[in-house]
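Here it is: the structure, laid out below.
The values are calculated or read from the model by the stated rules, or taken from the named source; none is laboratory data. A quick note: this is a predicted structure, and the numbers were derived from the prediction, not measured. So basically every Cβ, Gly included, is an ideal-geometry build from the backbone, and we count neighbours across all protein chains shown. Calculation scope for accessible area: heavy atoms of the full protein, side chains included, ligands and nucleic acids excluded. Shrake-Rupley method; radii C 1.70, N 1.55, O 1.52, S 1.80 Å.
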Amino acid sequence: MNSKKIIDNKLKDLSKSKFRSGFHLNKKMKKYVEEKGLKLIISHAYDFINNRLRTPNLLNDGKQTPMKQVHPIFIAQHACACCCRNCLEKWHNIPKNKELTNNEVNYIISLLIEWIKREMK
Ligand SMILES: [Zn+2]
């Protein structure tokens, strides 16, 4: 299975979750994405994932990703179950007690960006 197919299937699974599919970009956030451009949004995504999720943070896990009126990437993280290490383990089979690999970070970013692209349509 190629990575595009994996992402596509995962987004399908997520759309079946009432909780996950309840997250959407509002007008203001869509405007933000348009103004900043995807390239900058992707670089923000790397910053957030590397700073907040890469290293296991057991004390704060589940609270490191703000819920609303924040950055489009945070909303994408909730929509894609990439908000904390528990959700990454449960939804994406990424063990929570280890540092994320570059491949895992790239997978997460691809998923978040594809979700944002679909929201922008
Ligand atoms: Zn979570």
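Please compute the length gained on full extension between Tyr32 and Asn86, using 0.36 nm multiplied by the number of residues separating them and subtracting their Cα-Cα distance. All intermediate terms of the calculation are to be shown ahead of the outcome.
On the way: separation 54, 0.36 × 54 = 19.44 nm, distance 2.89 nm.
Length difference between fully extended and current span is 16.5 nm.
Further question on the same structure: Tell me which GluC sites (Glu not before Pro) from the stretch 25-121 have a DSSP coil assignment and no more than 15 other beta carbons within 10 Å of their own.
The qualifying sites are Glu99.
In addition: Provide the convex hull volume over Cα atoms per residue for the chain, in Å³.
Hull volume over Cα atoms, normalised by residue count, gives 102 Å³.
Separate question: My understanding is that a pair violates if its Cα-Cα distance is over 18 Å; which of Lys63/Lys117; Lys5/Lys117; Lys5/Lys30; Lys12/Lys117; Lys30/Lys121; Lys27/Lys121 do that in this structure?
Lys63/Lys117; Lys5/Lys30
Let me ask you something else. Given a Förster distance of 30 angstrom, what is the FRET efficiency for Ile6 paired with His44, based on the Cβ-Cβ distance and rounded to 0.05?
Working: r = 23 Å, r/R0 = 0.77.
Result of the calculation: an efficiency of 0.85.
Rg/Rh for the stretch 1-71: what does it come to with C-alpha atoms and Rh from Kirkwood?
Ratio of gyration radius to Kirkwood radius for the stretch 1-71: 0.99.
Let me ask another. List the relative contact order of the chain as a percent without decimals, with contacts defined as Cα pairs under 8 Å and 6+ residues apart.
On the way: 111 pairs, mean separation 37.6, N = 121.
Relative contact order comes out at 31 percent.
Using a 1.4 Å probe, how large is the accessible area of His24, given in Å² and rounded to the nearest 10?
Answer for His24: close to 110 Å² accessible.
Once every DSSP H run of n ≥ 4 in the chain is given -39500 (n - 2.57) and the sum is divided by its residues, what mean residue ellipticity at 222 nm do you get, rounded to the nearest 500 deg cm²/dmol?
Value at 222 nm, helices only, nearest 500: -17000 deg cm²/dmol.
Leaving ligands, DNA and RNA out of it, rank Arg54, Arg20 by accessible area with a 1.4 Å probe, largest first.
Working: Arg54 45, Arg20 20 Å².
Per-residue accessible area, sorted high to low, gives Arg54, Arg20.
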